[in-house]
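A short write-up of the structure that comes next.
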């Protein structure tokens, strides 16, 4: 028996109205009759509607607690851990994902992005990482229409940077920076909060790369755009990391003591607000180094 509630819950979880999910596929009335009256549309239409929210038709015949809903929560938990820099948890949970059973392309892309990025940040095998990102770039998003392409570019840039291949790293980071310079456009099937958090991931690592390249003005521009995005969308987690990066830039470029102190206080405040222990711990030695330089 078809469990229509699985479809309805997933649509609402992705914050898509009936009108939005129906756009270009069918009428809003078709979706309403399906959800409220159990009138199932044609298989072709139903398949397109499911794909738009990361489901397959088969998911509607499954127990939601052991199918796509559980998978979505599992991948989201890993992505949250990645943003918290809790790589141990991310590695452990990725090993528990049955990747061969993921059918929806949206979740396949999320899985390969997470696996590739975690492998990159924990210095795992180059070939495995490149394969993860190539699954997105050359297969799942070969037309490069989703933010996962940009995240795969970002991961590739970080990977090459860690292998001291600066020219290749710059090639990929420039793609991401060019993307960030364009007006924000959220694909229809994307969850807005997830989209903005992923965009903040792009902003943070790109700003960090520019800072390491001593392109401080460009780095500050990205940092400011990230802080503004956090304010506009009421997102707080990345604020500590962005403020830390701004603090590092201010110290490196010998900005005023007042600015350094303000950024230091803001970094600590946001780190504590978000229980960001990693950023809080990184701030102490940075400030000690600055204070020693001031005394000299």
- Note on the structure: Each label sits 7 Å from Cα toward the beta-carbon; between residue 221 and residue 184 the label points are separated, in nm, by 1.8 nm
- Message: Along the Cα→Cβ direction, 7 angstrom out, place labels at residue 40 and residue 256. What is the inter-label distance in nm?
- Response: 6.9 nm
- Note on the structure: Residue separation between residue 126 and residue 174 times 0.36 nm, minus their alpha-carbon distance, gives in nm 15.2 nm
- Where only alpha carbons of region 4-163 are counted, the Rg and the Dmax (Å): 17.3, 57
- The FRET efficiency for residue 87 and residue 23, from their Cβ-Cβ distance with R0 = 41 Å and rounded to 0.05, is 0.60
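Stretched out fully, how many nm does the piece from residue 293 to residue 235 gain, at 0.36 nm a residue minus the Cα gap? Don't skip to the end; give the middle numbers.
Values: separation 58, 0.36 × 58 = 20.88 nm, distance 3.44 nm.
Gain on extension, residue 293 to residue 235, equals 17.4 nm.
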- List the extent of the Cα atoms of region 183-296 along each of their three principal axes, largest first, rounded to whole Å. 56, 30, 20
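Relative to the present Cα-Cα distance, how much length would full extension add between residue 142 and residue 48 at 0.36 nm per residue of separation?
Values: separation 94, 0.36 × 94 = 33.84 nm, distance 1.86 nm.
Full-extension gain reported as 32.0 nm.
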- Task: Under 1.5 on a/c is rounded, so check that first for region 4-62, then, if it is not, pick prolate when a/b is larger than b/c and oblate when it is not; a ≥ b ≥ c are the square roots of the alpha carbon gyration tensor eigenvalues.
- Result: rounded
- Calculated from DSSP H runs of 4 or more alone, at -39500 (n - 2.57) each and per residue, what is the 222 nm mean residue ellipticity of the chain, nearest 500? -23000 deg cm²/dmol
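By the gyration tensor of its Cα atoms, with a ≥ b ≥ c the square roots of the eigenvalues, what is the shape of region 121-176: rounded for a/c under 1.5, prolate for a/b over b/c, or oblate? Before the final figure, lay out the partial values.
Working: a/c = 2.35, a/b = 1.36, b/c = 1.73.
Oblate shape, in that a/c is at least 1.5 and b/c is the bigger or equal ratio.
Taking N as the number of residues in the chain, what is its Cα Rg relative to 2.2 N^0.38 Å? Kindly include the intermediate steps, with their values, before the conclusion.
Details: Rg = 21.3 Å, N = 296, 2.2 N^0.38 = 19.1 Å.
Working it through for the chain, the quotient is 1.12.
Each value in this text was obtained by applying a stated rule to the coordinates, not by laboratory testing. For clarity, every value in this text was computed on a predicted model and none was experimentally measured. Glycine also receives a Cβ, built like all others from the backbone with ideal geometry; neighbour counts cover every protein chain displayed.
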